[in-house]
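**Q** Before we start, here is the structure in question, set down as structure tokens.
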Amino acid sequence: MEEAKNPLNGGDSSPTQVSKKPRISGSITEHEIRQEFSHHNPKVARINNGSFGSCPGSVLAAQKNWQLQFLQQPDDFYFNTLRKGILHSRTVIKDLIHADDVDEISLVDNATTAAAIVLQQIGRAFAEGKFAKNDTVLMLHCAYQAVKKSIQAYVTRAGGSVIEVQLPFPVNSNEEIIAEFKRGLKKGKANGKNIRLAIIDHITSMPCVVIPVKELVKICREEGVEQVFVDAAHAIGSVDINVEEIGADFYVSNLHKWFFCPPSVAFLYCKKASSEFDVHHPVVSHEYGNGLPIESGWIGTRDYSSQLVVPAALEFVNRFQDGIQGIMKRNHEEVVKMGKMLAESWRTNLGSPPEMCAGMIMVGLPSRLCVSSEDDALRLRSHLRECHGVEVPIHYQGLRDGEEEVKDKDGAITAYARISHQVYNKFEDYCSLRDAINDLAENRQICRSIYPD
């Protein structure tokens with residue numbers, strides 16, 4: 001492997017290969033899981049792993065060890081340890097996501113950083129006249145807000161236009177998503193415009209739905225879309241990833257959400273065939289021009305420990321029966337079970353079929369809660385945290401033109417709770433949410449007090 005021989009990538013030694021399969025015959029016990037996450041606040045029902053993830057104690061201990069190594073002798077760490085450690089982490093990721101070459105893997109802070117990397121090169125192409133004014137970037141309407149802001153910062157101000165694909169929610173099938181995506185492509189190509197970049201979520205954040213990303217990338221190729229960037233912030237540790245089969249030019253996923261790394265670290269895959277795209281890390285340091293993986297491996301003096309503990313996170317994952325596959329199966333089955341339990345108690349609905357969710361699912365809230373805006377949703381979330389010890393995101397679902405209302409016995413359902421399941425969650429966490437919502441729905445006076453006039 002050429003990169004392993006490059007001193008910029010960690011010296012002459014080849015990177016250690018790490019198995020994706022569990023190495024031990026026994027499985028981690030429930031008691032050991034509780035110990036690993038004993039630093040969590042026991043008074044809070046954390047059913048929001050999707051926002052910030054979770055890091056077990058053993059990985060935090062590995063992180064502290066890396067931090068101490070640097071502090072004990074920074075110069076030796078910089079010259080003889082850091083690059084090898086980052087290369088090791090990149091190699092672990094390469095194997096996990098079925099990439100062809102470690103050169104295709106860069107480690108960055110988060111999916112927001114990766115979006116900036118991809119969108120800055122698109123913005124430069126507009127600014128330099130390589131793309132025509134009003135050529136298009138296409139994205140889903142529920143794209144992460146930071147991605148929308150990056151488009152605003154780098155693309156629209158340089159002359160590019162944006163098409164948002166309006167996805168249905170609640171959603172019933174992949175076919176609904178594919179049909180809307182094709183309509184968006186047609187609109188983006190109207191009047192002879194070129195779609196220079198399509199941004200596709202693998203798992204949308206809010207509302208959360210697993211998107212048929214492989215099929216959408218294939219459609220993009222058939223329709224002549226120049227570049228495809230998959231924002232898969234929630235993917236690794238939630239769904240299977242095979243970047244070769246998906247076929248996108250760029251693919252990013254956070255390692256601190258569902259893969260047990262401390263915040264913050266993500267990988268950005270850049271397909272080798274896409275090497276002609278002029279991608280660089282937004283923070284320019286003295287590694288500029290040596291390729292994105294090397295640029296990202298040194299952006300100045302900072303704490304790189306979250307990038308270095310990826311092998312330790314894999315060791316934790318492999319303590320579970322069937323490793324990451326076992327964890328994904330467990331989380332999916334449990335979140336579906338909890339979602340159905342809540343929907344039955346509240347007499348509402350799920351936002352998508354079980355096969356269109358991973359470790360998160362949307363559950364309709366009773367219409368009696370009278371959520372009528374995004375501000376109301378945020379106030380309800382704060383109330384649940386502060387008064388009931390429940391941490392869960394609330395999604396306001398306003399009715400768009402042409403859509404049919406989803407109703408319970410009292411009226412239109414206008415809000416959904418996004419519940420997550422991770423290995424540390426207990427049944428009681430979801431009971432706390434169930435009971436809090438039922439109490440609010442029955443006590444209209446308290447409910448009204450949450451939303452000031």
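The values are calculated or read from the model by the stated rules, or taken from the named source; none is laboratory data. Remember, it's a predicted structure, so these values are computed and weren't measured experimentally. Please note: Cβ atoms are built from the backbone with ideal geometry, for glycine as well, and neighbour counts cover all protein chains shown. Only protein heavy atoms, including side chains, enter the accessible area calculation; ligands, DNA and RNA are left aside. Shrake-Rupley method; radii C 1.70, N 1.55, O 1.52, S 1.80 Å.
**Q** If you restrict to DSSP beta bridges whose two residues both lie in the chain, what percentage is antiparallel, to the nearest 5?
**A** DSSP beta bridges in the chain are roughly 50 percent antiparallel.
**Q** May I pose another question? Hey, what do the phi angles of the stretch 183-200 turn into as Karplus ³J(HN,Hα) couplings, whole Hz, using 6.51/-1.76/1.60 and θ = phi - 60°, x for Gly and Pro?
**A** Values per residue, Gly and Pro as x: 5, x, 4, 4, 5, x, 8, 4, 6, x, 6, 9, 8, 7, 8, 10, 10, 10 Hz.
**Q** Let's test this: bin the Cα-Cα distances of the stretch 135-261 at 10 Å from zero up to the farthest pair and state each bin's percent.
**A** Bins of 10 Å from zero give 13, 46, 34, 7, 0 percent of pairs.
**Q** Still on this structure, please answer the following. Which ³J(HN,Hα) values in Hz, rounded to whole numbers, follow from the phi angles of the stretch 419-428 under the Karplus curve 6.51 cos²θ - 1.76 cosθ + 1.60, where θ = phi - 60° and Gly and Pro get x?
**A** With coefficients 6.51, -1.76 and 1.60, one gets 9, 10, 10, 10, 4, 7, 6, 10, 4, 4 Hz.
**Q** Then there is this: Under a Cβ-only charge scheme (Lys and Arg +1, Asp and Glu -1), can you give me the dipole magnitude of the stretch 93-218 about the Cα centre, in debye to the nearest 20?
**A** Using Cβ point charges on Lys, Arg, Asp and Glu, the stretch 93-218 gives about 800 debye.
**Q** Something else now. Report Rg(Cα)/(2.2 N^0.38 Å) for the stretch 75-156, keeping two decimals.
**A** My calculation over the Cα atoms of the stretch 75-156 gives 1.44.
**Q** Could you check the simple spin-label distance between A127 and K64, using points 7 Å along Cα→Cβ, in nm with one decimal?
**A** Using points 7 Å along Cα→Cβ, the separation is 4.4 nm.
**Q** Let me check something: with ligands and nucleic acids excluded, how do H88, H286 order by accessible area (1.4 Å probe), largest to smallest?
**A** From most accessible down to least: H286, H88.
**Q** Can you work out ³J(HN,Hα) from phi for every residue in the stretch 307-324, in order, using Karplus 6.51 cos²θ - 1.76 cosθ + 1.60 and θ = phi - 60°, giving whole Hz and x for Gly and Pro?
**A** So the J values, rounded to whole Hz, are 6, 8, 8, 4, x, 5, 5, 5, 4, 4, 4, 6, 7, 8, 4, 6, x, 5.
**Q** Also, quick follow-up: At what distance in nm do the modelled label points of N242 and E215 sit from each other, each positioned 7 Å from its Cα along Cα→Cβ?
**A** For N242 paired with E215, the spin-label model returns 1.7 nm.
**Q** With a 1.4 Å probe and every protein chain left in place, tell me how much accessible area E344 has, in Å² to the nearest 10.
**A** E344 has an accessible surface of roughly 140 Å² with all protein chains in place.
**Q** Classify the chain as rounded, prolate or oblate, taking a ≥ b ≥ c as the square roots of the eigenvalues of its Cα gyration tensor: rounded when a/c is under 1.5, otherwise prolate if a/b is larger than b/c and oblate if not.
**A** Taking the square roots of the gyration eigenvalues as a ≥ b ≥ c, the chain is oblate.
**Q** Taking a cut-off of 16 Å between Cα atoms, list the lysines near K218, but don't count ones fewer than 8 places away on the same chain.
**A** K182, K186, K271
**Q** What number results when the radius of gyration of the stretch 272-387, computed over Cα atoms, is divided by 2.2 N^0.38 Å?
**A** The reported ratio for this selection is 1.64.
**Q** Now a separate question. Do any of K94/K272; K214/K329; K133/K189; K340/K426 go past 18 Å between their Cα atoms, and which?
**A** K214/K329
**Q** I've got another one for you. Could you work out how much longer the chain between E403 and T301 gets when fully extended? Use 0.36 nm per residue separation minus the Cα distance between them, nm to one decimal.
**A** 31.5 nm
**Q** What translational D, rounded to a whole number of µm²/s, comes out for the stretch 34-176 from Stokes-Einstein when the hydrodynamic radius is the Kirkwood one over Cα pairs, at 20 °C and 1.002 mPa s?
**A** 110 µm²/s
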